[in-house]
Amino acid sequence: MKNTISSVPHLDNFFATSAARLDRWRELNAKAQVWAAEARSGNSRGGRAAVEAALSEVRALENFFAYPGHRLMKALAEQIAEDDAMGVARLVLRLSGALLSGSYRYNSGEWETSDDGSATVPDRLPLSPEGGESRRPYFETLFVSPAPAANLLQIAHEIRRLRRVEDAMIYEPVLVGSFEDAILGTVLNGKIEAVVIYDGIPIPSQHEVPLLHDFLTTYQQLDTTTLVPREVGITLARAIKRIRPELDIYLLTDRRVEQLAGDPAAAMIRRVFYEVEELMEVHLNIIEGVADRFATPFFDNLKKYASRPISTFHALPIARGKSIIKSNWIHDMGEFYGQNLFLAETSATTGGIDSMLEPTGNIKIAQEKFARAVGADHVFFVTNGTSTSNKMVYQAVTKPGDIVIADRNCHKSHHYGMVLSGAQPLYVEAYPMTEYSMYGAVPLRTIKQAMLNLKAEGRLDRLKMVTLTNCTFDGHIYNTRRVMEECLAIKPDLLFLWDEAWFGFARWSPFLRPRTGLGAAAALEEWRASPEALKAWQAQAAELGEDLDPNDPRLLKRRLVPDPRKMRIRVYETDSVHKSMSCLRQGSIVAVRDEDYSKHVSAFHEAVFIHASTSPNAQIIASMDVARRQMELEGYELVMRAIEIALTIRREVAAHPIISKYFDVLGADDMVPAGFRASGFKDFLTPGSTWLTAVKAMHEDEFMLDPTRMTLVCGTAGYDGTAFKNLLAADYNIQLNKTSRNSVLLQSNINNTRSDVALLIKVLLEIAMQIEARLAEGGDAERAAFAARVKSLMTDVPDLPNFSRFHDGYREDPGSITLEGDMRTAFFAAYEEDDCEYLPLMSSKVDERLKKGPEMVSANFVIPYPPGFPIMVPGQVIDASTIGFMRKLDVKEIHGYNATRGLKLIKLSAIVKTQPGTKRTPSTAPAKGKTAGKKTKSS
Ligand SMILES: Cc1ncc(COP(=O)(O)O)c(C=O)c1O
């Protein structure tokens with residue numbers, strides 16, 4: 001009979017089995033304690049039945065975990081059968097405690113069947129081969145074997161007997177008997193680090209998991225009913241790698257191993273063994289594979305360095321800490337940070353420390369490991385944040401005159417990157433979410449239109465790169481694969497810069513990974529190699545022609561297919577490691593998967609020299625190294641937990657009768673207009689939504705919402721975003737980052753616990769209750785004032801201004817329908833104060849110039865926080881909507897705007913003067929017919 005894994009179909013449980021599993025054990029524990037109390041009082045009220053019911057909820061899932069494992073579960077069942085309520089209560093308490101604390105990973109006593117350890121069953125060795133306690137890293141290995149179920153225990157016993165005192169790590173085997181159960185084990189058990197597959201395994205699961213087949217067909221395009229058991233090993237390896245690429249996979253087969261090992265289809269398998277060979281080889285490989293992920297070359301070396309007696313004669317007095325620890329005045333700094341920080345400080349590039357600028361040793365290896373971890377060909381460590389990573393990419397791959405299609409709403413580092421490289425931005429607009437004073441993401445249709453316009457005007461060759469923020473600050477995720485596919489159909493050698501400052505963690509979620517730049521690059525590579533790719537392109541060519549006609553309206557309406565023989569996969573992804581992993585602030589990477597990278601190698605080195613500090617912080621580098629180790633070993637589980645925490649917050653806010661009166665976390669349907677949700681997906685918590693619904697949406701929809709980014713609307717509670725953020729920080733010790741006019745952004749990450757959720761919910765309730773009390777006490781007047789405040793925050797919102805255009809003087813062809821401009825020249829024009837003028841924002845002169853001209857041209861970037869995107873860039877003509885927006889802004893921080901002096905403008909006389917090349921007469925009145933109609937064509 002099949003066991004039903006009832007937890008699996010539910011959305012949250014797919015994301016976080018670990019939390020759901022612990023909850024079940026807690027539940028079982030509570031029931032066991034009640035039964036014991038009944039037994040003590042001699043008053044039986046069905047305690048045993050309740051324990052049995054709770055145990056059956058736990059049991060099916062436990063097949064996929066090493067602990068408690070078969071023996072302890074059997075002992076528990078026996079105690080129940082013997083009606084030993086006390087024994088059951090003791091055992092369940094111990095097991096659930098061990099699971100919660102993780103003590104089973106190092107305390108062999110937790111594996112005993114009796115409390116005094118006297119009943120150790122001889123078929124297993126204790127965790128530590130010496131029999132003592134050990135803190136050697138512990139993990140679990142999935143063995144997928146066709147052996148009859150009755151033999152599995154014996155196999156597990158044999159595997160444990162392979163342990164050696166010399167092993168650097170220790171693992172417990174988890175045995176499953178089929179293809180589908182191996183998939184379930186991979187999904188459910190985040191402790192699994194390696195998988196050993198015996199060829200010839202049966203296909204169907206022993207469990208009833210209604211959504212598993214749908215999951216495999218949607219996510220993997222895999223129909224298990226058509227698989228042939230005999231040759232299923234490689235298919236399983238591939239399926240597992242799609243879910244968790246970091247796992248080491250070993251294949252044991254009695255087929256011709258030499259042939260298999262040379263088969264490119266088996267490339268994802270770490271080693272292939274001939275089945276009859278000694279298991280010890282497999283064992284040693286398993287440990288070596290995990291040890292390789294564990295090794296952190298830079299951090300390991302830094303620790304060694306710190307423990308050596310070194311005298312420094314270089315310029316870094318803080319190194320070794322003597323000037324601090326001995327100081328009468330600053331010794332508290334030493335006490336606060338601890339001595340190791342100073343022992344590990346160095347400006348040396350010798351002695352095993354390596355150089356960030358020209359890495360040849362452990363930094364180089366650490367970068368290579370990071371590249372492997374994220375699926376890139378190269379990774380560059382950057383110690384000044386993604387602000388610098390982005391600028392490095394512009395510097396390396398673009399040059400003056402190149403055109404870059406960029407979301408105008410992207411981080412300022414992109415705009416500055418273009419100022420530095422001289423690339424000309426062709427801004428495209430994200431869809432506005434005016435009611436929340438924020439932007440969504442840029443529709444693909446807009447990007448395609450911009451490219452087709454360039455093609456129509458004969459300038460497509462100048463387009464170098466498309467740059468998009470994925471996910472956006474507020475959590476909009478692009479369909480990265482589709483964007484690249486369609487753009488490559490128009491220009492096959494296009495580069496993509498995916499700014500994934502916020503999204504580095506996504507790599508470790510099988511759900512989010514396909515939507516990262518690098519995840520999509522891998523999928524595109526696979527697609528390109530398949531026969532379907534050429535067929536799809538040929539079908540399109542038959543219909544639309546080989547060379548797409550930019551004026552053909554069908555191109556915007558359909559999904560375009562690139563020519564697999566011509567397309568190049570050229571992806572740059574920047575991640576703020578510090579934003580989503582255990583890394584010190586400013587740790588960031590540039591990850592490269594560009595098959596034409598050789599064209600940029602030397603430019604990239606220049607970019608490193610230009611932007612990297614010659615004094616990089618060793619601790620930041622070390623923490624990037626360690627963050628990579630952590631994510632490769634436990635990222636899958638941690639990210640699942642972060643998602644689960646976000647779903648819990650969403651659920652609790654929505655379900656609470658008082659909190660939900662004043663607060664709301666925006667769902668995917670609020671953040672992404674229906675037109676971009678082709679799958680019909682509404683939200684993670686919509687009744688009837690399963691994880692399969694979400695997987696489908698991830699696959700099909702143009703935009704998706706990162707569940708860990710929660711826009712909490714607080715305008716309905718009468719708070720603007722900034723006031724609410726300050727309230728949380730000042731009165732409740734809760735910190736958050738981004739705000740809008742009527743919302744704040746909450747983010748969950750791998751650091752959050754369920755206690756954090758409890759605190760947040762408690763605080764929201766407290767604030768909601770205070771509002772309730774105030775409204776009740778204040779009577780009609782208070783209620784009217786509250787309603788007016790809510791209305792002002794929620795409905796009187798300023799329109800978001802679109803990018804107007806660059807002044808004609810900064811455009812090569814002012815008549816062009818594409819709006820790229822020479823921002824760099826405008827930027828430097830503003831260095832001449834004599835060529836600039838200032839106009840107070842509120843002055844009537846501004847209105848006069850809007851009406852009658854001459855046009856006002858911004859001299860610099862003006863970036864209000866929030867929303868944090870430039871509402872003016874150098875050379876941009878300032879129009880009425882921008883002025884209107886600025887006047888309505890009630891934020892304190894506006895970078896690039898000096899309220900005392902006013903708007904800084906470039907005098908029109910100066911525009912001619914500063915133009916390189918052809919001089920043009922600047923217009924003096926607002927350009928006619930040059931805005932709406934033409935602009936919308938490209939933006
Ligand atoms: C989209 C985006 N890119 C880049 C950055 C800059 O990253 P960092 O803070 O690591 O310099 C940010 C910062 O908030 C950002 O939001």
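The values are calculated or read from the model by the stated rules, or taken from the named source; none is laboratory data. These numbers come from a predicted model, not from an experiment. Virtual Cβ from ideal backbone geometry, glycine too; neighbours counted across all protein chains shown. Just so you know, the surface numbers come from the protein's heavy atoms only, side chains and all, with ligands and any DNA or RNA stripped out. Shrake-Rupley method; radii C 1.70, N 1.55, O 1.52, S 1.80 Å.
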I'd like to know if the range 356-376 contains one or more residues that are in contact (Cβ under 8 Å) with a residue 60 or more places away in the chain, away from the ligand (no atom under 16 Å from the Cβ), touching a strand residue (DSSP E or B) at 6+ places or on another chain (Cβ under 9 Å) and open to solvent by 70 Å² or more (accessible area, probe 1.4 Å). no
Looking only at the range 852-905, which residues are within 16 Å of the ligand (Cβ to nearest atom) and open to solvent by less than 50 Å² (accessible area, probe 1.4 Å)? Phe861, Ile863, Pro864, Pro866, Pro867, Gly868, Phe869, Pro870
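Here's the yes/no breakdown for (1) farther than 22 Å from Pro309 by Cα; (2) in a loop (DSSP other than H, G, I, E, B); (3) out of contact with any Cys (no Cβ under 9 Å at 6 or more places or on another chain); (4) of a type in the set (A, V, I, L, M):
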position	(1), (2), (3), (4)
Asn328	yes, yes, yes, no
Phe336	yes, no, yes, no
Leu341	no, no, yes, yes
Glu345	no, yes, yes, no
Ile353	no, yes, yes, yes
Leu357	yes, yes, yes, yes
Thr360	yes, yes, yes, no
Ile363	yes, no, yes, yes
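Output the residues belonging to the range 377-408 that are of a type in the set (A, V, I, L, M, F, W, C), in a helix (DSSP H, G or I) and within 16 Å of the ligand (Cβ to nearest atom).
If the condition is that a residue be of a type in the set (A, V, I, L, M, F, W, C), in a helix (DSSP H, G or I) and within 16 Å of the ligand (Cβ to nearest atom), then Met392, Val393 are the ones that fit.
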For the condition of a type in the set (A, V, I, L, M), within 15 Å of the ligand (Cβ to nearest atom) and under 20 Å from Asp701 (Cβ atoms), what is the one hit in Ala506, Ala520, Ala501? Ala506
Within the set of pairs 6+ apart or on separate chains, which have a first residue in the range 613-639 that is in a loop (DSSP other than H, G, I, E, B), a second that is at pLDDT below 95 and of a type in the set (Ser, Thr, Tyr), and C-beta atoms under 8 Å apart? Ser615/Ser347
Suppose we keep only residues that are more than 26 Å from Tyr865 (Cα to Cα) and not in a helix (DSSP H, G or I) within the range 797-818. Which one would you say is most open to solvent (accessible area, probe 1.4 Å)? Glu812
If I go through the range 810-819 residue by residue, how many of them are within 12 Å of Gln876 (Cβ to Cβ) and touching a residue at least 40 places away in the same chain (Cβ under 8 Å)? 2
So, in the range 250-286, exactly how many residues are at pLDDT 90 or above and within 17 Å of Ile170 (Cα to Cα)? 7
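Go through the residues of the range 7-17 one by one and say whether even a single one is surrounded by 15 or more Cβ atoms within 10 Å (Cβ to Cβ), in a helix (DSSP H, G or I), touching a Phe, Trp or Tyr at 6+ places or on another chain (Cβ under 6 Å) and at pLDDT below 85.
Initially, the range 7-17 is screened for residues surrounded by 15 or more Cβ atoms within 10 Å (Cβ to Cβ), giving 7-9, 11-17.
In the following step, the residues that additionally are in a helix (DSSP H, G or I) were identified as 11-15, 17.
The next check asks that each one be touching a Phe, Trp or Tyr at 6+ places or on another chain (Cβ under 6 Å); those that pass are 11, 14.
Now drop any that are not at pLDDT below 85, which leaves 11, 14.
Looking through the range 7-17, at least one residue is surrounded by 15 or more Cβ atoms within 10 Å (Cβ to Cβ), in a helix (DSSP H, G or I), touching a Phe, Trp or Tyr at 6+ places or on another chain (Cβ under 6 Å) and at pLDDT below 85.
Determine if the range 569-576 includes at least one residue that is among the aromatic types (Phe, Trp, Tyr) and open to solvent by 30 Å² or more (accessible area, probe 1.4 Å). Explain how you work it out, then say what you get.
So the first thing to find is which residues in the range 569-576 are among the aromatic types (Phe, Trp, Tyr), and the list is 572.
Now narrow it down to the ones that are open to solvent by 30 Å² or more (accessible area, probe 1.4 Å): none.
No, because not a single residue in the range 569-576 is among the aromatic types (Phe, Trp, Tyr) and open to solvent by 30 Å² or more (accessible area, probe 1.4 Å).
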Flagged in the range 583-612 as part of a loop (DSSP other than H, G, I, E, B) and within 15 Å of the ligand (Cβ to nearest atom), in numbering order, are Cys583, Leu584, Arg585, Gln586, Gly587, Ala612
So if I check each of Ile649, Ile645, which one is part of a helix (DSSP H, G or I), out of contact with any Lys or Arg (no Cβ under 8 Å at 6 or more places or on another chain), closer than 22 Å to Ala758 by Cβ and open to solvent by less than 50 Å² (accessible area, probe 1.4 Å)? Ile649
Could you say whether any residue in the range 210-227 is open to solvent by 60 Å² or more (accessible area, probe 1.4 Å) and at positive phi? yes
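Report yes if Phe179 is in contact (Cβ under 8 Å) with a residue 12 or more places away in the chain and closer than 17 Å to Phe65 by Cα, otherwise no.
Details: in contact (Cβ under 8 Å) with a residue 12 or more places away in the chain: yes; closer than 17 Å to Phe65 by Cα: yes.
In short, yes.
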Hey, among the residues in the range 573-582 that are small (Gly, Ala, Ser) and assigned to a loop (DSSP other than H, G, I, E, B), which one's nearest to the ligand (Cβ to nearest atom)? Ser576
Condition broken by Thr469, with the remaining ones in (1) out of contact with any Cys (no Cβ under 9 Å at 6 or more places or on another chain); (2) within 16 Å of the ligand (Cβ to nearest atom); (3) closer than 28 Å to Phe511 by Cβ satisfied: (1)
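So for the range 341-348 (the condition being surrounded by 24 or more Cβ atoms within 10 Å (Cβ to Cβ) and either within 16 Å of the ligand (Cβ to nearest atom) or in contact (Cβ under 8 Å) with a residue 24 or more places away in the chain (or both)), does at least one residue qualify?
As a first pass, look at the range 341-348 and keep what is surrounded by 24 or more Cβ atoms within 10 Å (Cβ to Cβ): none.
Scanning the range 341-348 turns up no residue that is surrounded by 24 or more Cβ atoms within 10 Å (Cβ to Cβ) and either within 16 Å of the ligand (Cβ to nearest atom) or in contact (Cβ under 8 Å) with a residue 24 or more places away in the chain (or both).
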